[in-house]
Amino acid sequence: KYYLRHPAYREYPVVGVSWRQANEFCKWRTDRVNEGILIREGLLVDNPYGQSDIEHFTTETYLNNQYVGTGEVEGVKSYGQSEYRDIALEDGLLLPDYRLPTEAEWEYAARGNSKTNNMYPWGSPYTRTKEGRLLANFKPGRGDYFGSDAKNDNIYTSKVQSYPENGYKLFDMAGNVAEWTSSVYYEGGYNFMGDFSPDLQYNAKEDDPISMKR
């Protein structure tokens, strides 16, 4: 009831999103970040109440000169000239598109530069230290979402950075929640999915690629 809206969960991972929703968020973030850059540079005036039809900012429409907007300056100066011109991607001002990582990219990051080929990125087949401390937020066992005793509280999502970082200084690349990738390792990837099956399917009508949640 409160997880996705209450400020107490602001630093917890988002859950329950489909592959399509994750991709749409990447597009939304690309546009909002680039819009913020242009506002910062005075090339656009912040217009939070006019985001409709031709006034709705997207990076694509802006670069194609299809966006109608006003700014404090006309643009950037042409190379070696005094007149102004529109921003181009080659200027290096706007950021490239945000996107989901491929399965290979995600696995590379999740391994954390571990020199051993073990199950987990900290180079061990175990989820606990010698002292019994959990190294990530895992459920106690297959299908066990309630824990074998009252002390098991790792069946809930954890606040980001609750557990040690990996060798690349990345947090929560193992445990906590599954993560979407833009590709699947191989056709039988569904064999490695959790008990709560993610949205793995091929939609011929909408031409969605098969994707895997890691």
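The values are calculated or read from the model by the stated rules, or taken from the named source; none is laboratory data. From a predicted model like this one, the values you see are computed outputs, not experimental measurements. Heads up, the Cβs are rebuilt from the backbone with ideal geometry, glycines too, and the neighbour counts pull from every protein chain shown. Each accessible area value is taken on the protein alone, full model and side chains, heavy atoms only, with ligands, DNA and RNA left out. Shrake-Rupley method; radii C 1.70, N 1.55, O 1.52, S 1.80 Å.
Take the Cα of THR116, step 7 Å toward its Cβ, do the same at VAL160, and the gap between the two points is 3.0 nm. Across GLU41, GLU60, GLU35, the residue with the most accessible area heads the list, and the full order at a 1.4 Å probe is GLU60, GLU41, GLU35. Database remark: amide H of LEU44 closer than 5 angstrom to the amide H of ILE39, GLU72 (H placed geometrically; neighbours at sequence offset of 5 or more, or on other chains; Pro and chain starts carry no H).
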